[in-house]
Amino acid sequence: MMRTVKRLHPAFRDDIGDLVTRRPVPGPAIGHVGAFLFLNHHGPQTYPPNNRGLPFGPHPHRGFETVTFILDGELAHTDSAGHASIIRAGGIQWMTAGSGIVHAEVSPADFKRDGGPMEILQLWVNLPARLKMTAPRYVGAQAAAIPTVATDGATVHLISGDFGGTSGVVDSLTGVFLCWVEIEAGGSVTFDHLAGREVFLYGGRGMFHVEGTAVPHFHLAELTPGDSVTITADAPALFLFGHAAPIDETIVAHGPFVMNSEAEIRQAFLDYQAGKFGVAEIVEA
């Protein structure tokens, strides 16, 4: 059975200073899509020379994972587990906050000096209770390291999971499938084996169609149940696609922490304030 569009959810503007930001989830009519908790779409915009860059200085997380897609521009990452990288256009970073981490996501010094285009998607992915206190980890991959699979007029940039006989660059702890897709005019791509999975589909650029329903950019498509979904386009478009097993657990989120109870949230704040998450230095080079 093919999946169809049940409802479209527009992203709403929630700018962070001079950073253009849109958020489709959580939204007025949808709290989360299974394990997919939150998406911020920053940009597209062009920063002038001598800009302040991205505003995400050191801050804590516990209980989930962040997946960041750098569609344009650059992103400098550091964290309290000792990871540091500068990821450029077409690359991704996947951080498992797990038991607790402090990280910073800012613009490198050369980007702040020279300016340039910037567009970033950041997705929060839930962890089940059994993994919420797992050790933090980080994977950063430039565009050249990310496998691509060509279909009928579409290119699948494979982040995690398997597609077309190819495996993604990240081995997800919970079997999450994630990719972003560039689709040409007249292109088509089908994703199978979706029975019982929660599907995340967000239009980042252009417009595509699901079984005759148009999905404009800056919209999340909530889909009906089914085994497969086919996505087509009449003009070039870009979208984020993922699916994951349901997590049938209570979600309690407060600020930078996502746990299963209020008591666990309080403990997360206490542990962070006690310095148990460590310190992240900001990359300037």
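Between Ser188 and Met1, the FRET efficiency from the beta-carbon distance, with R0 = 25 Å, is close to 0.85.
Within straight-line reach of Lys276, meaning a Cα separation under 16 Å, sit the following lysines at least 8 residues removed in sequence or on another chain: Lys132.
The Rg/Rh ratio of the stretch 158-243, with Rg taken over Cα atoms and Rh as the Kirkwood radius over Cα pairs, comes to 0.95. Full extension of the chain segment joining Ala129 with Met207 gains 24.4 nm, where the gain is 0.36 nm per residue of separation less the Cα-Cα distance. By the Stokes-Einstein formula, at 1.306 mPa s and 10 °C, the stretch 1-105 with its Kirkwood radius over alpha-carbon pairs has D equal to 101 µm²/s.
With 0.36 nm allotted per residue and the present C-alpha distance subtracted, the Val252-Asp114 stretch has 45.6 nm of extension available.
Kirkwood hydrodynamic radius computed over the stretch 121-173 comes to 13.1 Å, based on all pairs of distinct alpha carbons. Please list log₁₀ I(q)/I(0) at q = 0.17, 0.20, 0.27 Å⁻¹ for the stretch 45-117, using the Debye equation with identical point scatterers on the alpha-carbon positions. So the normalised log intensities are -0.63, -0.83, -1.25.
A viscosity of 0.692 mPa s and a temperature of 37 °C, combined with the Kirkwood radius over Cα pairs in Stokes-Einstein, give a translational diffusion coefficient for the chain of 171 µm²/s. Relative contact order, whole percent, for the stretch 119-241 stands at 23, derived from Cα pairs under 8 Å and 6 or more residues apart. The ellipsoid that matches the Cα gyration tensor of the stretch 162-202 has semi-axes, each √(5λ) in whole angstrom, of 20, 14, 10, with the longest given first. Using Cα centres only, tell me the gap between the stretch 18-44 and the stretch 71-126 in whole Å. If you average the Cα positions of each part, the centres end up 17 Å apart. Here the peptides 196-208, 1-13 are ranked by packing, the mean other Cβ count within 10 Å, and the order with the highest first is 196-208, 1-13. For the charge dipole of the stretch 1-142, defined by +1 on Lys and Arg C-beta atoms and -1 on Asp and Glu C-beta atoms about the Cα centroid, which residue among Met2, Pro55, Gly43 has the Cα displaced farthest towards the positive pole? Most positive-ward Cα: Met2. Note that the stretch 80-231 carries a Kirkwood radius of 17.4 Å, evaluated over its alpha carbons pair by pair. With helices as the sole contributors, the chain gives -2000 deg cm²/dmol at 222 nm; each DSSP H run of n ≥ 4 counts as -39500 (n - 2.57), and the sum is divided by every residue. In the calculated pair-distance distribution of the stretch 19-72, the portion above 13 angstrom amounts to 72 percent of the Cα-Cα pairs. Considering all C-alpha pairs of the stretch 82-172, those separated by over 18 Å amount to 56%.
Pairwise alpha-carbon distances in the stretch 209-285 exceed 13 Å for 79% of all pairs.
The relative contact order of the chain comes to 23 percent, based on Cα pairs under 8 Å that sit 6 or more residues apart. Going 7 Å from the Cα of Ala195 in the Cα-to-Cβ direction, what parts of the stretch 221-235 have a backbone nitrogen less than 13 Å from that spot? Output list for this probe position: 226-228.
Evaluated with a Cβ-only charge set (Lys, Arg +1; Asp, Glu -1), the chain carries a dipole of roughly 460 debye about its Cα centre, given to the nearest 20.
Take every DSSP beta bridge whose two residues both sit in the chain; close to 95 percent of them are antiparallel. Centroid-to-centroid, using Cα positions, the stretch 188-260 and the stretch 266-281 are 33 Å apart.
None of the figures in this text is laboratory data; all of them are computed from the coordinates on show. All of these numbers come straight from a predicted model, not from anything done at the bench. All Cβ positions, glycine included, derive from the backbone under ideal geometry; neighbour counts span all protein chains shown.
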